[in-house]
Every structure is written in C-alpha cells, then in structure tokens.
Amino acid sequence: MQRKLWFIVLLLPVLQMAAQERMQRAVMPAETLRHVERARVNLRPEAAAWVLAQARAESQKREVDVNELRSAVRQRFAGALNQMPPLNAGIAVDELVALVMTQLAADSDKDLEEAMKQAEAVNKLKQQMRNEMQQLAQEQAAMRQHGETKCVSAICSQLREHVNGINMQIRQAAEYSVAPNTIHNLQVANVNRPRPIVPIYAPDQNSVDQQQLEAMQNQMKNSLDSMNEMSEMESMRMQMVMDRRSKMMETLSNILKKLDDISASIVQNMK
C-alpha cells in the first residue's frame with residue numbers, strides 16, 4: 001500500500017501536465033463555439049435553466065450517452081417539439097444536446113484548472129509535513145543524546161503555531177475534496193473512499209517530551225497517508241473527466257457536422 005501511495009505522489013505532477021496539454025489540444029474550434037452560441041442566444045429562460053441542470057446531471061456519469069440525452073430533451077420539451085415539423089424538431093433536439101455538452105465541457109475545464117491548482121497546494125503541504133516530521137525526528141535524537149526529558153528548542157517552542165497552520169491547510173484540502181463540481185460529482189464505483197484526514201494535536205510548548213514528539217510524527221504520517229489516498233482518488237477522477245471530455249468533443253463535432261449538412265441540404269433544395 002505504501003509503495004502505491006508514493007507512486008501516486010510521484011505520478012501526480014505528470015498527470016497535471018497531461019491534463020494541461022490535453023485541455024489545450026481539446027479547445028473547441030471557433031466555428032463550433034459560434035454555432036453553439038447562435039443556438040444559445042435563442043433559448044428561452046426555462047430552456048437555459050434546463051441546460052444548466054442537465055449538464056450538472058451528466059457530470060455524474062463517466063460517459064455522456066447522446067441517445068439518452070436526446071430522449072431527455074424530447075421528454076422535457078415534448079409539447080414544443082410536437083408542434084414542429086419532424087425535421088425542425090430533430091434540429092432543435094440536437095442543438096439542445098450540443099448546448100448541454102458544451103456547458104459540461106466548459107464546467108469541466110474550469111474545475112480541472114482549479115483541481116490542478118489545488119493539487120499543487122496539497123503537494124506543497126505534504127512536503128511541509130515531511131519536513132516537519134524530519135525536524136521532530138532530529139529533535140528526538142538530540143534529546144536522547146543529551147539525556148533531556150523535555151524539548152526546549154526553538155522548533156518545539158513554535159510547534160503549536162506550525163501545527164495550527166498545517167491543520168488549517170488540511171481542513172481546506174478536505175473541504176475541497178468533497179466540494180460539488182464536475183470532478184467530485186463523478187460517481188466512481190468499486191473504489192475505496194479515502195480515510196478522513198484527522199487534525200494533528202500539538203501539546204503545550206512547555207511540556208513537549210519524547211512520547212509526544214513520537215505521537216505527533218505518527219499523526220503526521222497517518223495524515224500524509226490519508227492525503228495520498230485523497231490525491232489518488234482526485235487523480236483518478238481528473239483522468240476520467242478528461243477522457244469523458246475528449247469523447248464528448250468528438251460526439252459534439254459529429255452532431256454539429258450533421259446540423260451543418262442539414263442546413264446545406266435545405267439551402268441546396270431551395271435553389
């Protein structure tokens with residue numbers, strides 16, 4: 001287990017770079033954006049609200065099923081669609097499908113960017129904790145060497161302040177890990193959830209002894225293990241979101257090409 005966690009720690013920066021590169025490659029073409037924007041400006045408020053809600057619902061799935069999405073559109077707007085000629089109704093359905101996909105892609109891009117920033121902050125926090133553990137181990141060794149029962153060094157005098165700062169960052173990381181977004185909404189089956197990250201207890205600076213230093217190191221180690229598990233889950237979800245986005249962009253391109261072909265055919269028949 002420990003080897004796996006350290007592998008994730010080393011792999012995370014690679015995943016972050018891959019995410020940035022894939023997001024840059026997957027930028028939607030200008031023509032796609034123009035097509036979608038033309039459809040968006042014609043939406044009524046209730047339709048626009050439905051697009052946002054449906055994009056959130058789709059964010060829970062590993063893949064967007066375009067046929068299911070079309071069915072959802074037909075069910076929600078059955079009244080209006082039934083009043084249209086079949087060809088116009090089909091165009092309207094696919095335009096709404098394209099809007100939902102575009103909204104989900106935009107939300108995913110924003111959340112992936114935020115997730116990568118958060119991952120960098122967590123990596124810095126974990127390095128800070130490893131440095132703190134190393135310093136505590138050195139203090140223990142010095143106390144044993146000099147036969148001291150209490151730690152009275154500058155490090156121990158500032159221990160509570162350091163630990164409070166670490167605990168604040170741990171709480172922020174834990175809160176972000178469950179914050180609703182297109183990454184955390186994703187349902188991941190058959191995966192063990194990360195253990196809760198327990199805050200580190202810092203004894204009074206005037207009574208730090210060998211046992212308390214040992215206890216603090218064990219607490220930090222447990223917190224590091226939990227944070228590594230959290231990073232593993234976050235990386236897995238980020239990869240799944242990027243895969244979903246890539247497939248969705250291909251589907252969206254096919255839908256818009258189909259709509260363009262229909263428009264071209266209509267124009268050709270009018271000549």
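Numbers for the structure displayed
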| read-out | value |
| --- | --- |
| Test for Y201: is it part of a helix (DSSP H, G or I) and either loosely packed, with under 14 Cβ neighbours inside 10 Å or in contact (Cβ under 8 Å) with a residue 40 or more places away in the chain (or both) | no |
| Residue within the range 218-226 that is touching a residue at least 12 places away in the same chain (Cβ under 8 Å) and within 15 Å of the chain's Cα centre (by Cα) present | no |
| Spans of helices (runs of 4 or more DSSP H) in the range 29-138 with at least 3 residues surrounded by 14 or more Cβ atoms within 10 Å (Cβ to Cβ), over 23 Å from the mean Cα position of the chain (by Cα) and without any contact (Cβ under 8 Å) to a residue 40 or more places away in the chain | 66-76 |
| Filter result for L259 (closer than 30 Å to E95 by Cα and either assigned to a loop (DSSP other than H, G, I, E, B) or in contact (Cβ under 8 Å) with a residue 60 or more places away in the chain (or both)) | yes |
| Filtered residue count, the range 139-171, keeping only those that are touching a residue at least 24 places away in the same chain (Cβ under 8 Å) and in a helix (DSSP H, G or I) | 16 |
| Sole residue being part of a helix (DSSP H, G or I), hydrophobic (A, V, I, L, M, F, W, C) and farther than 27 Å from Q138 by Cα, chosen from M233, M216 | M233 |
| Single match in N218, N192, N206 (criterion: modelled with pLDDT of 90 or more, farther than 24 Å from K117 by Cα and surrounded by fewer than 14 Cβ atoms within 10 Å (Cβ to Cβ)) | N218 |
| Residue, surrounded by the most Cβ atoms within 10 Å (Cβ to Cβ), within the range 155-175, restricted to residues that are over 21 Å from the mean Cα position of the chain (by Cα) and closer than 14 Å to V198 by Cβ | V163 |
| Only listed residue being surrounded by fewer than 18 Cβ atoms within 10 Å (Cβ to Cβ), within 22 Å of L112 (Cα to Cα) and not acidic (D, E), chosen from V178, V152 | V178 |
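The values are calculated or read from the model by the stated rules, or taken from the named source; none is laboratory data. Worth saying up front: this structure is predicted, and the values here are computed from it rather than measured. Neighbour counts run over all protein chains shown; Cβ positions are idealised from the backbone, glycine included.
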